[in-house]
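> Just dropping this structure here.
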Amino acid sequence: MSSFPLLHAPLTDDTVVLRDYAERDIPEILIAHQDDPRMHVLTGDDRPPSGAELGRAAEREAADRAIGERAALTIVEPSSDTCRGQIRIHPVDWEQSRAEIGIWLAPHVRGRGLGRRALRLAGEWLLGPCGLARVELLTDPDNAPMIRAAEGAGFVREGILREYLRRRGKGVDVVIMSLISIDV
């Protein structure tokens, strides 16, 4: 089985920086969920995370990455180390050489291109040093900002997966987008 290496140096394009997820990000994550009470719905979660859940995730991060189960990267701006969002990589299928990527941004930094740039950096990292052949992004068909950000990062819209996810007992359609090496 493969793994997601810890970053020796942050990934950056001089406008956005991706670094390893750390416990110090927890207060900003909780604030982002307070500022956007619907954010958990957009990320596919049943409810906002608690501080304890985020703490356990931070404690597990290195082990989860070492076994190739999942990874989280924190989005920051070059002049700051304050969490502005996260990239999540999960689920992962190493046998098929693909993983799903997700992203969220704090409400006050949305619309500035950080999402597009963060998705691009993470996609290049996953397809390069991590050795994956395909990165997938699933989103609600009505989530135009996410679709624009993914397209701006090089992801190609492949279509709609009808009733692909189950939320509150109902089938939910999702747009599937992908990034492969020829896209970066």
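> Kindly state, to the nearest 0.05, the FRET efficiency for Asn143 paired with Ser181, given R0 = 30 Å and r defined as their beta-carbon distance.
It comes to 0.70.
> Identify the trypsin sites (Lys or Arg not before Pro) of region 1-55 meeting these criteria: DSSP loop state and at most 12 other C-beta atoms within 10 Å of the C-beta.
Arg38
> Of Leu119, Trp94, Thr82, whose Cα points farthest to the positive end of the dipole of region 79-127 (charges on the beta-carbon: +1 Lys, Arg; -1 Asp, Glu; origin at the Cα centre)?
Thr82
> How much net charge surrounds Asp173 when only the other residues with a Cβ under 13 Å from the Cβ of Asp173 are counted, with Lys and Arg +1 and Asp and Glu -1?
+1
> Just subtract the alpha-carbon distance of Arg110 and His40 from 0.36 nm times their residue separation and send over the number in nm, one decimal.
Contour length minus Cα-Cα distance gives 23.6 nm.
> Just the Cα atoms of the chain, one point each, no solvent: what log10 I(q)/I(0) does Debye give at q = 0.10, 0.13, 0.16 Å⁻¹?
-0.36, -0.64, -1.02
> Right, another one. What number, rounded to the nearest 500 deg cm²/dmol, is the helix-based mean residue ellipticity at 222 nm of the chain, given -39500 (n - 2.57) per DSSP H run of at least four residues and division by all its residues?
Result for the chain, helices only: -8500 deg cm²/dmol.
> Quick check: with the 1.4 Å probe, what order do Ile180, Ile75, Ile67 take by accessible area, largest first?
Ranking Ile180, Ile75, Ile67 by accessible area, largest first, yields Ile67, Ile180, Ile75.
> Rounding to the nearest 20 debye, state how big the charge dipole of the chain is about its Cα centre with +1 on each Lys and Arg Cβ and -1 on each Asp and Glu Cβ.
Computed charge dipole of the chain: roughly 360 debye.
> Summing Lys, Arg as +1 and Asp, Glu as -1, what charge do residues with Cβ under 10 Å from the Cβ of Ile103 carry, Ile103 excluded?
Net local charge, Ile103 excluded: +2.
> Computed over the Cα atoms, what is the radius of gyration of region 81-184 divided by 2.2 N^0.38 Å, N being its residue count?
Scaled against compact globular proteins, the figure is 1.06.
The values are calculated or read from the model by the stated rules, or taken from the named source; none is laboratory data. Predicted model, so just to flag it, every value in this text is computed and none were measured. Using ideal geometry, Cβ is built from the backbone for each residue, glycine included, and neighbour counts are taken over all protein chains shown. The protein model used for the area step is the full one, side chains on, heavy atoms only, and it has no ligands, DNA or RNA in it. Shrake-Rupley method; radii C 1.70, N 1.55, O 1.52, S 1.80 Å.
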